[in-house]
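Chemist: Here it is, the structure, as structure tokens.
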Amino acid sequence: MKLFFKTHQIILLLITIHAISHPKVQSLKAPFDPRDILPLLPRQVSWHILNTLNSAEDLLPSFVGTATAVENSLQWKGACFYNNSAWLEFHNKSKTEFGGGTLHIKVSNAHSWTCMDLYLFATPYRVTWDYYFLSREHTLEFKEWHSKSEYEYVKNKGISIFLLQAGLLGTLRSLWEVFPLFTNSNWGENSNVAFLQKHMGATFEERPKPWVTNISADDLHSGDFLVLSKIRGLWGGFETLEKWVTGSYAGHAAVCLRDSEGKLWVGESGHDNEQGEDIIAIMTWEEWWEYELTKDNANPHIALLPLHPDLRAKFNETAAWEYARSMEGLPYGYHNLIFSWIDTINGNYPYPLDAHLVASVMTVWTQFQPAYAGKIWNEALNKRLGTQNLSLSEILVEVEKRGSSFGELLAVPEQDNWVYVDGKSTSCIAFVFEMYKEAGLFGSLASSIQVTEFTIKDAYTLKFFENNSSLLPKWCNDADTVKLPFCQIRGRYRMELPGYNTMDPYPHMNERCPSLPPKYSRPAGC
């Protein structure tokens, strides 16, 4: 009986798929969409089908537009309902100073009888949500505006509307793709590998064992660059998403330094201290390497990129150490982390991500973690505006007053000389390349290059590294059948660094570069 019931369900699904795809009946409304009945199907069938329909990016709502006081001011096509319109009615039912409003939303022409649309609604001061599965006019009440600023903003700009394109089931499936990225397990590692293969075209070819190189530290020099790619656990998940939006095939970086007595050290922005804080740390090579071999549970893949001999000869160790010591113990560069990625108004956001959604995410995050949110972006946004201590909502209002947009504000280049409330702010890559600036590697270009605008991809594509494979250390890739142009010193999979060591430095580089997957094409001179 169970077998018959499962077979009947599958046949019903196939008939429905055939019916709605047949050219003679495409104009008819289907009684249901195949995706709508997936929960009724056997798990092994529904899961496979849903896996082909949705992916992690479906977690991101897409910006529909803004609803204003003009009737039917906004019209769009939804994922479920194909004819939709919205407008905002102002009123003062609450009898308060600025009153409130009613958002009217008409939805019609559903593609099936069982689908629904999920929406987010946002102002600079709040984000709420609702869902619709009936063809009619719906309303969303705003009992009172937060302040005069919110009232003026909504009156002039309207309420932003975002659609979750994947619907309820698709969104749940997308969560299922994202959740394991952050788990410290084989499942998590395999999920990160699969995500990067699917979304970036990474290959993850397995290397011959041993997967750890027997390094001779005597062959390492000041300025030699270390890039890491972590593929499991909390940092593995964050790095995977960072790689996807930036096009970088590595997610972390560090640098080698020798002191006046010849002892080898490693400088790193983003090292965990005993209090669990991510700080800038200077540690001996032995301490750093032991940590990566035995304590880093994110399964780091590590490559050594030796400096080119000409640059090594220019490397001013005294200046490099002076910079490193001045930064030691400062917090990791949270203030400007996202700004190295966002260089353009719309050329850095994988669909359906955009500046509108970034503003809404920031608004939600600010409501839940105001202190942490302020640390990540508020001070940096104030610097771009030339203001001080404005909250996120005040920043959004100020941008509109100036006739600009939040997208334009996000794209303003970070300046290396900006000092934040807790000191200069450098991400892992900015720390290394600011040291390179201080050590003289950028020469006369130093004053016209902002390294806080560099992603890790921008760093490893710079023509700073050894280009003669015969001069690499003898142990470099010794056990591998494929000879990479750099030295991979740890990791099961062969690391890829597309564009490695190919770009000469130039003024204002990496300040206006798009980074859209899957090709991540960049115009010359951006």
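Chemist: Rg to Rh ratio, the chain, alpha-carbon atoms and Kirkwood radius?
Modeler: Numbers: Rg = 26.4 Å, Rh = 25.8 Å.
Ratio of gyration radius to Kirkwood radius for the chain: 1.02.
Chemist: Need the full-extension length gain, residue 408 to residue 139, defined as separation in residues times 0.36 nm minus the C-alpha distance. One decimal, nm.
Modeler: On the way: separation 269, 0.36 × 269 = 96.84 nm, distance 3.25 nm.
Computed gain between residue 408 and residue 139 is 93.6 nm.
Chemist: Would you mind listing how long the stretch 278-318 runs along its three principal axes, going by Cα atoms, in whole Å with the largest first?
Modeler: Rounded to whole Å, the extents work out to 36, 21, 18 Å.
Chemist: Quickly work out the residue 77-to-residue 221 label distance, labels modelled 7 Å from Cα along the C-beta direction, and quote it in nm with one decimal.
Modeler: Going from the residue 221 label point to the residue 77 one covers 5.9 nm.
Chemist: Ok, one more. How about the stretch 181-218: which GluC sites (Glu not before Pro) there are in a DSSP loop, with at most 12 other Cβ atoms within 10 Å of their Cβ? Present the calculation step by step, with values, prior to reporting the outcome.
Modeler: Working: sites: 189, 205, 206; in loops: 205.
Passing both the DSSP loop test and the Cβ count: 205.
Chemist: Still on this structure, I have one more. From the P(r) of the stretch 82-139, could you give the percentage of C-alpha pairs in the tail past 12 Å?
Modeler: On the way: 1197 of 1653 pairs.
Taking all Cα-Cα pairs of the stretch 82-139, the fraction more than 12 Å apart is 72 percent.
Chemist: Over all directions, average the projected area of the Cα convex hull of the stretch 122-164 and note it in nm².
Modeler: For the stretch 122-164, the mean projected area of the Cα convex hull comes to 3.6 nm².
Chemist: Taking Rh as the Kirkwood radius computed over C-alpha pairs, what is the Stokes-Einstein D of the stretch 335-389 at 4 °C in a medium of viscosity 1.567 mPa s, expressed in µm² per second? Each step should come with its number before you reach the end.
Modeler: Values: Rh = 12.0 Å.
In µm²/s, the coefficient is 108.
Chemist: Same structure, new question: Return one whole number: the accessible area per residue of the chain in Å², for a 1.4 Å probe. Walk me through the numbers on the way to the answer.
Modeler: Details: 24450 Å² over 526 residues.
I get 46 Å² per residue for the chain.
Chemist: Roughly how tilted is helix 317-327, in degrees to the nearest 10 and between 0 and 90, from the longest Cα axis of the chain?
Modeler: Taking the Cα atoms of the chain, the angle to 317-327 is about 40 degrees.
Chemist: Right, another one. At a threshold of 8 angstrom on Cα-Cα distance, excluding pairs fewer than six apart, so keeping six or more, what relative contact order does the chain reach in percent?
Modeler: Values: 1033 pairs, mean separation 79.6, N = 526.
Relative contact order, the chain: 15 percent.
Chemist: If you check each cysteine of the chain for another cysteine whose beta-carbon is under 4.7 Å away, which ones come up empty?
Modeler: So far as the 4.7 Å Cβ criterion goes, 256, 428 stand without a partner in the chain.
Chemist: To continue, here is another question. Could you work out how much longer the chain between residue 471 and residue 197 gets when fully extended? Use 0.36 nm per residue separation minus the Cα distance between them, nm to one decimal.
Modeler: Values: separation 274, 0.36 × 274 = 98.64 nm, distance 3.22 nm.
My answer for the length gained is 95.4 nm.
Chemist: How much of the pair distance distribution for the stretch 230-298 lies past 16 Å, counting alpha-carbon pairs only, in percent?
Modeler: For the stretch 230-298, the share of Cα pairs beyond 16 Å comes to 56 percent.
Chemist: I would also like to ask the following. If you project the alpha carbons of the stretch 104-238 onto their three principal axes, what span does each projection cover, largest first, in Å?
Modeler: Cα spread of the stretch 104-238 along its principal axes, largest to smallest: 71, 42, 23 Å.
Chemist: How compact and how long is the stretch 342-435, expressed as Rg and Dmax of its alpha-carbon atoms in Å?
Modeler: Cα only, the stretch 342-435: 13.6, 39 Å (Rg, Dmax).
Chemist: Just to confirm a number: summing +1 for Lys and Arg and -1 for Asp and Glu over residues other than residue 156 whose beta-carbon lies under 12 angstrom from that of residue 156, what do you get?
Modeler: Details: positive: 155, 157, 401; negative: 150, 152, 400.
Taking every Cβ under 12 Å from that of residue 156, the sum is 0.
Chemist: Can I ask one more? Principal axis lengths of the stretch 380-516 from Cα atoms, whole Å, largest first?
Modeler: Cα spread of the stretch 380-516 along its principal axes, largest to smallest: 60, 33, 27 Å.
Chemist: Then there is this: Over the stretch 179-298, what is the relative contact order in percent, taking alpha-carbon pairs closer than 8 angstrom and at least six residues apart? Intermediate values should be presented prior to the final figure.
Modeler: Numbers: 177 pairs, mean separation 27.9, N = 120.
Computed over the stretch 179-298, the figure is 23 percent.
Chemist: Another question, if that's okay. Using Cα centres only, tell me the gap between the stretch 208-240 and the stretch 413-434 in whole Å.
Modeler: Value for the Cα centre distance between the two parts: 23 Å.
Chemist: Here is a follow-up. Per residue of the chain, what 222 nm ellipticity follows from adding -39500 (n - 2.57) for every DSSP H run with n ≥ 4, rounded to the nearest 500?
Modeler: Here the helix-only value at 222 nm equals -9500 deg cm²/dmol.
Chemist: Oh, and also: Extending each Cα 7 Å along its Cβ direction at residue 372 and residue 274, get the distance between those two points in nm, one decimal.
Modeler: About 2.5 nm separates the two model spin labels.
Chemist: Then there is this: Going by average Cβ neighbours within 10 Å, how do the peptides 77-88, 214-225 rank, with the highest at the top?
Modeler: On the way: 77-88: 19.8, 214-225: 16.8.
So the peptides 77-88, 214-225, ranked by packing, come out 77-88, 214-225.
Chemist: Could you give the radius of gyration (one decimal) and Dmax (whole number) of the Cα atoms in the stretch 218-366, in Å?
Modeler: Reported Rg and Dmax, both Å: 17.5, 53.
Chemist: Apply the Debye scattering formula to the stretch 364-417, with a single equal point scatterer on each alpha-carbon and no solvent, then give log10 I(q)/I(0) at q = 0.30 Å⁻¹.
Modeler: -1.29
Chemist: So if I restrict to the alpha-carbon atoms in the stretch 196-255, what is the Rg, and what is Dmax, the biggest pairwise distance, in Å?
Modeler: 13.9, 40
Chemist: If packing is taken as the mean number of other Cβ atoms within 10 Å per residue, what is the order of 149-157, 233-241, highest first?
Modeler: Averaged packing, sorted descending, gives the order 233-241, 149-157.
The values are calculated or read from the model by the stated rules, or taken from the named source; none is laboratory data. Owing to the predicted nature of the structure, the values given are computational and were not obtained by experimental measurement. Quick reminder, even Gly has a Cβ in these numbers, built from the backbone with ideal geometry, and neighbours come from all protein chains shown. Please note that ligands, DNA and RNA were not included when accessible areas were found on the heavy atoms of the full protein model with its side chains. Shrake-Rupley method; radii C 1.70, N 1.55, O 1.52, S 1.80 Å.
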